[in-house]
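Accompanying notes for the structure given below.
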Amino acid sequence: MKRRDKTNYYLDIAEAVSERSTCLRRRFGAVVVKNDEIISTGYNGAPRGRKNCIDLDFCYRERLGVPRGQRYELCRSVHAEANAIISASRSDLLGATLYLACHDGATNQLDGAVEPCSMCKRLILNAGIEWVVIREDADIYHTIETAKWIDDDDSLAQELRTGY
């Protein structure tokens, strides 16, 4: 029997966490790991006490035809990365790795063409997380060094487009 490598082990857990997601569009799961210990997990869903899209049986962004990756302020959900971050102390997050997996809500297929949105990137940077590992398929993943997001500041491009 071949033993599962650690990276895919944590990504398997992130996929399992995504099964709790309440989003109709995409089901994300996140696992934060430091020193080979799971610090926290998170999935995307409405804030505590509010109705989830699966309970309402509609997605507001979908109804409005909002393209993927845009207008997250219209979304009911707190993102998986954000939920994992708020469930941990900053001292535990410093130098940690965030593992992320996503399934398409309509097809249930693994969606490896994802990355944290610009707001989640800011949260990840402020939390002190150093690496993000994103599952592409059952055994393939890619790793992002979050320090690169500092030089490649996507918020500047947004500010130039909107004038804010």
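Give me a comma-separated list of calculated 3J(HN,Hα) values for the range 76-86, in order, Karplus coefficients 6.51, -1.76, 1.60 applied at θ = phi - 60°, integers in Hz, x for any Gly or Pro.
Per residue, the Karplus-derived 3J(HN,Hα) values read 6, 7, 8, 5, 4, 4, 5, 4, 5, 5, 6 Hz.
Say R0 is 22 Å: what FRET efficiency, to the nearest 0.05, do Tyr60 and Ile86 get from their beta-carbon distance?
0.45
Over the chain, what number does the Rg to Rh ratio reach, with both radii from the alpha-carbon atoms and Rh per Kirkwood?
Taking Rh as the inverse mean 1/r over Cα pairs, Rg/Rh reads 0.97.
Give the relative contact order (percent, whole number) for the range 41-164; include only Cα pairs under 8 Å separated by 6+ residues.
21 percent
Which GluC sites (Glu not before Pro) in the range 8-41 pass both tests, a DSSP loop state and at most 16 other beta-carbon atoms within 10 Å?
Passing both the DSSP loop test and the Cβ count: Glu19.
Once you've got the GNM for the chain with C-alpha springs shorter than 10 Å, pick whichever of Glu115, Glu62, Glu136 has the biggest mean-square fluctuation.
Glu62
Tell me the per residue accessible area of the chain using a 1.4 Å probe; a whole number in Å² is fine.
Ligands and nucleic acids excluded, the result is 60 Å² per residue.
Restricting to the chain, compute how many DSSP beta bridges are antiparallel as a %, nearest 5.
85 percent
Using the Karplus curve 6.51 cos²θ - 1.76 cosθ + 1.60 with θ = phi - 60°, work out ³J(HN,Hα) for each residue of the range 129-137 in order, rounded to whole Hz, and write x for Gly and Pro.
After applying 6.51 cos²θ - 1.76 cosθ + 1.60, I find 5, 9, 9, 10, 10, 10, 6, 9, 8 Hz.
Show that you can apply the helix-only estimate: for the chain, add -39,500 (n - 2.57) for every DSSP H stretch of four or more residues, divide by all residues, and state [θ] at 222 nm to the nearest 500.
-8500 deg cm²/dmol
Taking amide H atoms as placed 1.01 Å from N in the peptide plane, list the residues 5 or more away in sequence, or in a different chain, whose amide H sits under 5 Å from that of Asp153.
none
Identify the trypsin sites (Lys or Arg not before Pro) of the range 87-154 meeting these criteria: DSSP loop state and at most 13 other C-beta atoms within 10 Å of the C-beta.
Here no loop site has a sparse enough neighbourhood.
May I ask you to evaluate 6.51 cos²θ - 1.76 cosθ + 1.60, the Karplus curve with θ = phi - 60°, for each residue of the range 63-73 and list the ³J(HN,Hα) values in order in whole Hz, giving x for glycine and proline?
Result, ordered by residue: 4, 7, x, 6, x, 3, x, 10, 6, 5, 5 Hz.
On the accessible surface of the chain, probed at 1.4 Å, how many percent belong to carbon and sulfur atoms?
On the chain, the fraction of accessible area on carbon and sulfur atoms equals 49 percent.
The values are calculated or read from the model by the stated rules, or taken from the named source; none is laboratory data. In this text the structure is predicted, and so the values were computed from the model without any measurement. Heads up, the Cβs are rebuilt from the backbone with ideal geometry, glycines too, and the neighbour counts pull from every protein chain shown. Just so you know, the surface numbers come from the protein's heavy atoms only, side chains and all, with ligands and any DNA or RNA stripped out. Shrake-Rupley method; radii C 1.70, N 1.55, O 1.52, S 1.80 Å.
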